[in-house]
Amino acid sequence: MTFRIELKVRDYECDLQGIVNNGVYFNYLEHARHEFLYANNVDFAKLAADKINLVVIRSEIDFKTSLQPGDEFYVEVSPERISKLKFGFRQRVVRKKDNKVAVEALVIGTSVNEKGRPFLPNEINDLFPLGGSK
């Protein structure tokens with residue numbers, strides 16, 4: 001299952017070179033992951049109230065081309081199970097006008113309980129089944 005959101009580059013996200021600053025792509029990726037989780041009925045506020053925290057433990061990002069002010073783009077999110085206690089998000093940032101990939105990423109996470117120990121609550125376990133991506 002691939003989830004997709006559409007966004008537009010804002011001027012203040014760009015550096016002196018007139019391109020999106022590399023750190024901003026992490027914001028795009030995070031926003032898309034959160035929207036993916038919300039769309040799949042994973043409620044961050046409820047998890048936090050239950051003392052369950054979703055955490056990123058690794059990010060890999062490959063920069064392919066640069067976005068510029070005003071560029072419309074979309075971010076794809078494809079979930080995959082990494083291991084018994086880890087889940088991943090394969091993500092792409094793609095410029096709409098020519099479908100050129102700006103960024104490819106893999107973000108790996110887990111969740112921790114109130115004692116800081118990794119475990120996966122049911123709503124995450126169900127979203128990232130063992131044995132393959134959904």
Inset, instruction - For segment 23-92, just the Cα atoms, rotate onto the principal axes and tell me the three extents in Å, largest first. - result: 41, 25, 20
Inset, instruction - Compute the normalised compactness of the chain: alpha-carbon radius of gyration over 2.2 N^0.38 Å, N being the residue count. - result: 1.11
Legend entry - Gyration tensor over alpha-carbon atoms, segment 1-50, equivalent ellipsoid semi-axes in Å: 28, 13, 8
Inset, instruction - Take segment 62-134, drop everything but the C-alpha atoms, weight them equally and run the Debye formula without solvent; then report log10 I(q)/I(0) at 0.12, 0.16, 0.24, 0.28 Å⁻¹ to two decimals. - result: -0.44, -0.66, -0.96, -1.17
Inset, instruction - Between L85 and T65, take the C-beta separation as r, use R0 = 41 Å, and let me know the FRET efficiency to the nearest 0.05. - result: 0.75
Legend entry - segment 54-134: relative contact order as a whole-number percent, Cα under 8 Å and 6+ apart: 34
Legend entry - Projected label distance in nm at F119 and N22, using a 7 Å step from Cα toward the beta-carbon: 3.9
Inset, instruction - Cross-chain or 8 or more residues apart, Cα under 25 Å: how many lysine pairs in the chain fit that? Count them up, please. - result: 18
Inset, instruction - Any chance you could run the full-extension gain for E104 through A49? It's 0.36 nm times the residue separation minus the Cα-Cα distance, nm to one decimal. - result: 16.5 nm
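A short reminder: the numbers here are calculations on the coordinates, not readings from a lab. In this text, all values refer to a predicted model and were calculated from it rather than measured experimentally. With ideal geometry, Cβ positions are generated from the backbone for all residues, glycine too; neighbour counts draw on all protein chains shown.
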